[in-house]
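Peer 1: I am attaching a structure below and will ask some questions about it afterwards.
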Amino acid sequence: MNAFNNTRQPRPVMKLKLRVFDIILEMAGWLLLLAGWFIPLWEYNRLPQRIPVHFNWSGQADSMGEKWMIWIIPSIATILFSGLTLLNRYPQIFNYPVRITEQNAYRQYTLATRLIRYLKTIVVFIFEFISLQVIKSAEGKSAGIPHWFLPVVLILVFIPLIYYVIRSLSNHGK
């Protein structure tokens, strides 16, 4: 099959068994998502009318907005989490670094869905951390987003991606 040929063989559709780690990731994601809504709800009345809505590369607030904008953060997190949760139900439509066959489908689907499950939990965690920093900055309890935040986010995202690709390619995808 060449790169310009849109026809491909249908991939197997199968029900995956969740392992304990998968269940923990799902529960952690849902709990973080709930906390992402609860914390702004709890803090909303204490927030000033203007809150930081953007931070520069050094983590300092460089744009202010109305306090209702605090709801944008959990809204985006919820949309991303929901979209990834829905997508994760259809691993047969993902792109894979190996050809999917009847023999390797279960392993490849399990690896890929676990990666998506991990990433959606990390995404919610990142958005919740940003929400907390916005609240702390608005209340004068923080100078902004810590300088270590971006490197940690990159590590939390890219190390699992690299691990997934290595595991997926090991034994030629079998």
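The values are calculated or read from the model by the stated rules, or taken from the named source; none is laboratory data. Everything quoted here is computed from the prediction, not taken from an experiment. Surface areas here come from the heavy atoms of the whole protein model, side chains and all, with no ligands, DNA or RNA. Shrake-Rupley method; radii C 1.70, N 1.55, O 1.52, S 1.80 Å.
Peer 1: Using the heavy atoms of the protein chains and a 1.4 angstrom probe, tell me the accessible area per residue for the chain in square angstrom.
Peer 2: Working: 11120 Å² over 174 residues.
With all protein chains present, the chain gives 64 Å² per residue.
Peer 1: Excluding same-chain residues fewer than 8 positions from Lys141, which aspartates and glutamates have a Cα within less than 14 Å of its Cα?
Peer 2: Glu43
Peer 1: Could you name the lysines whose alpha carbon sits less than 21 Å from that of Lys120, not counting residues in the same chain fewer than 8 places away?
Peer 2: Of all the lysines, those that pass the test against Lys120 - Cα under 21 Å, at least 8 places apart if same chain - are Lys15, Lys17.
Peer 1: A further question on this structure: Rounded if a/c is under 1.5, else prolate if a/b beats b/c, else oblate: with a ≥ b ≥ c from the C-alpha gyration tensor eigenvalues square-rooted, which is the range 103-174?
Peer 2: Numbers: a/c = 9.48, a/b = 2.95, b/c = 3.21.
Taking the square roots of the gyration eigenvalues as a ≥ b ≥ c, the range 103-174 is oblate.
Peer 1: While we're looking at this one, here's another question. What is the distance in Å between the Cα centroid of the range 17-43 and that of the range 82-159?
Peer 2: So the separation of the two Cα centres works out to 13 Å.
Peer 1: Enumerate the amide H contacts of Gly65 below 5 Å, restricted to partners 5 or more residues apart or on another chain; note that Pro and chain-start residues carry no placed amide H.
Peer 2: Result for Gly65 returns Ile51, Val53.
Peer 1: A further question on this structure: In nm, what is the difference between 0.36 nm times the number of residues separating Phe38 and Tyr163 and their Cα-Cα distance?
Peer 2: 41.7 nm
Peer 1: For the chain, what does -39500 (n - 2.57) per DSSP helix run (n ≥ 4), summed and divided by total residues, give at 222 nm, in deg cm²/dmol to the nearest 500? Spell out each step's value before the answer.
Peer 2: Values: 4 runs with 95 residues, N = 174.
Calculated at 222 nm, the ellipticity per residue is -19000 deg cm²/dmol.
Peer 1: Next question, about the same structure. Select from Tyr96, Tyr163, Tyr109 the residue whose mean-square fluctuation is largest in a Gaussian network model of the chain (Cα-Cα springs shorter than 10 Å).
Peer 2: The residue with the greatest mean-square fluctuation here is Tyr163.
Peer 1: Quick check: from the Cα gyration tensor, does the range 15-81 come out rounded (a/c under 1.5), prolate or oblate?
Peer 2: prolate
Peer 1: Could I ask something else about it? Rounded to two decimals, what is Rg over Rh for the chain when you use alpha-carbon atoms and the Kirkwood radius? Intermediate results must be reported in sequence, preceding the final value.
Peer 2: Values: Rg = 19.8 Å, Rh = 18.3 Å.
Taking Rh as the inverse mean 1/r over Cα pairs, Rg/Rh reads 1.08.
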